[in-house]
Amino acid sequence: MIDQQRIALVIQYQGTHFQGWQRQPNQRTVQQEIETAIATVTQAPVTLHAAGRTDTGVHAAAQVAHFNAPSYIPDYRWATILNNRLSEDVLIRASASVPSSWHARFSAKWRRYRYTLYTDARPNLFVRPFSWHYYHHPLDEQLIQAALEQLVGYNHLSAFQRSGTSRPHAWVDVQFVSCQRQNPFIHIEVQASGFLYGMMRLLVGLLVQVGNGERSLEEFRDIWTQERRELVKYAAPAQGLCLLRVGYPEFPFEPDIWFDTFPKLVVG
């Protein structure tokens with residue numbers, strides 16, 4: 001019997017042409033593409049476990065996943081081996097061995113997402129794949145920040161959960177929030193222990209209503225505290241959302257590999 005080792009990967013992908021992370025029949029997904037590449041090396045099917053499942057069209061700057069592989073292949077070699085077999089819109093930043101008890105999903109303590117809005121009235125081809133072109137009404141980033149700050153802590157956020165989830169509850173520990181303007185961009189970041197199905201896009205959809213004055217801060221609070229999911233009607237487009245990074249108590253990768261690998265969009 002061949003000895004096995006557990007390999008952790010730091011993965012980047014442009015979600016535009018993927019139907020999300022999770023393997024689906026007759027669909028192109030990130031999980032399927034990487035699993036297929038691994039199988040060409042191991043000559044056996046493998047299962048890739050991720051820190052989180054991104055939706056259709058959502059990007060990742062430092063997704064984390066693991067799989068079990070033969071130990072005769074050096075752990076650091078897997079990044080190069082897989083990159084030689086993957087398409088141009090998915091990339092393995094690095095690979096390393098981890099203990100057999102380590103799990104990309106269950107060992108993670110937090111995930112951070114960034115949503116980018118582009119507010120200039122003139123379209124820009126080079127930012128379109130990574131932002132929501134929102135120019136219809138001015139947005140007040142300070143109002144958005146004030147709304148976000150309400151969510152910090154351990155809260156029940158079912159108002160920002162799409163149907164179809166298998167998650168047993170909607171409690172989320174929100175650890176950090178930020179809304180910053182770098183004209184003409186607004187960057188919204190949220191770090192939490194985990195995210196509900198569709199949470200960030202539904203949250204941003206409602207935050208934009210706060211930022212443009214359509215809803216007050218009080219209405220925002222009432223909607224999520226009273227779990228008024230029916231009032232959260234708009235989900236922000238997928239292309240503006242990126243899984244920025246994942247945090248672990250023990251991680252075999254240096255910060256420059258995973259910590260801040262998706263530069264904020266700016267116009268000089």
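The values are calculated or read from the model by the stated rules, or taken from the named source; none is laboratory data. Since the structure is predicted, the reported quantities are computational estimates derived from the model, not experimental observations. Ideal geometry is used to build each Cβ from the backbone, glycine not excepted, and the neighbour counts take in all protein chains shown. Accessible surface areas use protein heavy atoms only, side chains included; no ligands, DNA or RNA. Shrake-Rupley method; radii C 1.70, N 1.55, O 1.52, S 1.80 Å.
State whether the residues of the stretch 200-212 include one that is open to solvent by 60 Å² or more (accessible area, probe 1.4 Å) and either touching a strand residue (DSSP E or B) at 6+ places or on another chain (Cβ under 8 Å) or farther than 22 Å from Ser131 by Cβ (or both). No - not one qualifying residue is present in the stretch 200-212. Restricting attention to the stretch 156-174, the residues being open to solvent by 30 Å² or more (accessible area, probe 1.4 Å) and over 18 Å from the mean Cα position of the chain (by Cα) number 7.
Within the stretch 75-124, the set of residues being among the hydroxyl-bearing types (Ser, Thr, Tyr), over 27 Å from Leu265 (Cα atoms) and either in contact (Cβ under 8 Å) with a residue 24 or more places away in the chain or assigned by the TED database to the domain that holds Val177 (or both) comprises Ser95, Ser97, Ser100, Ser107. Considering the stretch 161-187 alone, what residues qualify as being of a type in the set (Phe, Trp, Tyr) and under 15 Å from Tyr115 (Cα atoms)? Matches in the stretch 161-187: Phe176, Phe185.
Look at Gly194 and say whether it is outside any strand (DSSP E or B), touching a residue at least 24 places away in the same chain (Cβ under 8 Å), touching a Phe, Trp or Tyr at 6+ places or on another chain (Cβ under 9 Å) and open to solvent by 40 Å² or more (accessible area, probe 1.4 Å). Against the criterion (outside any strand (DSSP E or B), touching a residue at least 24 places away in the same chain (Cβ under 8 Å), touching a Phe, Trp or Tyr at 6+ places or on another chain (Cβ under 9 Å) and open to solvent by 40 Å² or more (accessible area, probe 1.4 Å)), Gly194 does not qualify.
The residues of the stretch 25-51 that are at pLDDT below 95 and small (Gly, Ala, Ser) amount to a single one, Ala44. For the residues Gln150, Gln161, Gln180, Gln145, the requirement of being farther than 23 Å from Arg228 by Cβ, of a type outside the set (A, V, I, L, M, F, W, C) and in the same structural domain as Ser216 (by the TED database) singles out Gln180. For the stretch 53-66, what are the residues that are surrounded by fewer than 19 Cβ atoms within 10 Å (Cβ to Cβ) and at pLDDT 95 or above? Thr56 - this is the single residue of the stretch 53-66 that is surrounded by fewer than 19 Cβ atoms within 10 Å (Cβ to Cβ) and at pLDDT 95 or above. Scanning the stretch 115-137 for residues being under 19 Å from Ala235 (Cβ atoms) and small (Gly, Ala, Ser) gives a total of 1.
For Ile81, the requirement of being open to solvent by less than 20 Å² (accessible area, probe 1.4 Å), among the aliphatic types (A, V, I, L, M) and not in a loop (DSSP other than H, G, I, E, B) is not met. Of the residues making up the stretch 213-238, those that are open to solvent by 60 Å² or more (accessible area, probe 1.4 Å) and not in a loop (DSSP other than H, G, I, E, B) are Glu218, Glu219, Arg221, Asp222, Thr225, Arg229, Glu230. Just so you know, in the stretch 245-259 the residues that are more than 13 Å from the chain's Cα centre (by Cα) and not hydrophobic (A, V, I, L, M, F, W, C) include one that is most open to solvent (accessible area, probe 1.4 Å), and it is Glu250.
Scan the stretch 108-142 for residues that are over 28 Å from Val64 (Cα atoms) and in a strand (DSSP E or B) and the total you get is 1. Inspection of the stretch 25-45 identifies no residue that is in contact with a Gly (Cβ under 8 Å, 6 or more places away or on another chain), of a type in the set (A, V, I, L, M, F, W, C) and assigned to a loop (DSSP other than H, G, I, E, B). Against the test of being modelled with pLDDT of 95 or more and in a helix (DSSP H, G or I), the options Gln175, Gln145 yield a single qualifying residue, Gln145.
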